[in-house]
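Student: Before I ask anything, here is the structure I am working with.
Bear in mind these aren't lab numbers, they're just calculated from the coordinates by the rules spelled out. Since this is a predicted model, take the numbers as computed values, not measurements. Counting neighbours? That spans all protein chains shown, and the Cβs are built from the backbone with ideal geometry, glycine included.
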Amino acid sequence: MNSYSVTVYTDGGSRNTGNIKGGHVLPTDKAAWAYLILYKNKKYAESCGFLGATNNQMELSAVLEALRKLYCMKLTQEKILLISDSKYVLNSINKGWLYNWAKKNWINSSKQKVKNRNLWEAIYKALPYFKKIEFKWTKGHANSEGNNYVDELLNKTMDKM
């Protein structure tokens with residue numbers, strides 16, 4: 001038994017040409033996000049698809065939508081573990097990059113504008129509501145049942161598009 005009362009899995013994915021070096025997302029490329037919230041032996045899951053979005057946008061959207069759902073469920077005071085396979089998302093939060101970007105008017109350490117600022121800004125504004133949330137990485141497409149669940153869910157969403 002872990003010490004968390006809520007466990008959340010998030011994932012984002014895309015089927016686009018932007019996933020290769022020098023590639024660009026086409027307006028017709030499919031993308032989707034999904035989350036799974038485990039609380040008191042119940043599962044709460046959601047997924048949504050978009051055209052023309054990047055993988056990183058979907059990873060961020062999954063986290064943001066999970067935070068919104070937790071807020072609506074009035075779980076902000078619970079001890080929450082959020083698990084993602086996105087080092088892009090997790091490093092930005094766990095290593096404090098997000099907070100530095102906000103302080104520096106959304107300019108990163110390379111003096112560039114932060115990509116996906118609208119999503120990062122929304123996450124930044126949501127996080128203070130959660131006093132006991134931790135973010136942990138899991139290897140994607142491995143043996144994490146929750147991660148595999150959200151991956152399947154977002155792929156089903158893209159299949160239906």
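Student: Straight-line reach from Lys103: which lysines have Cα under 19 Å away, leaving out those fewer than 8 places along the same chain?
Tutor: Candidates past the 8-residue exclusion: Lys95, Lys111, Lys113, Lys115, Lys125.
Student: Sum up the charges of everything whose Cβ sits under 14 Å from the Cβ of Ala32, counting Lys and Arg as +1 and Asp and Glu as -1, but leave Ala32 out.
Tutor: Result for the neighbourhood of Ala32: -4.
Student: Viscosity 1.567 mPa s, temperature 4 °C: Stokes-Einstein D of the range 10-161 from its Kirkwood Cα radius, in µm² per second?
Tutor: The diffusion coefficient I find is 81 µm²/s.
Student: Considering the range 52-130, what Rg and Dmax in Å follow from its alpha-carbon atoms?
Tutor: Over the range 52-130's Cα set, Rg and Dmax evaluate to 12.7, 38 Å.
Student: Regarding the range 1-70, what is the average projected area of its C-alpha convex hull, in nm²?
Tutor: 5.4
Student: Fewest Cβ neighbours within 10 Å first, please rank Asp11, Asp159 accordingly.
Tutor: Details: Asp11 32, Asp159 11.
Ranking Asp11, Asp159 by Cβ neighbours within 10 Å, fewest first, gives Asp159, Asp11.
Student: Looking at the range 21-124, which trypsin sites (Lys or Arg not before Pro) are DSSP coil and have at most 13 other C-beta atoms within 10 Å of their C-beta? Show your work: numbers first, answer last.
Tutor: Numbers: sites: Lys21, Lys30, Lys40, Lys42, Lys43, Arg68, Lys69, Lys74, Lys79, Lys87, Lys95, Lys103, Lys104, Lys111, Lys113, Lys115, Arg117; in loops: Lys21, Lys40, Lys74, Lys79, Lys95, Lys104, Lys111, Lys115.
Within the range 21-124, the qualifying trypsin sites (Lys or Arg not before Pro) (loop, at most 13 other Cβ atoms within 10 Å) are Lys21, Lys40, Lys74, Lys95, Lys104, Lys111.
Student: Out of all DSSP beta bridges with both ends in the chain, state the antiparallel percent to the nearest 5. Could the numbers behind the result be given before it?
Tutor: Working: 21 of 31 bridges.
Counting only bridges with both partners in the chain, antiparallel ones make up about 70 percent.
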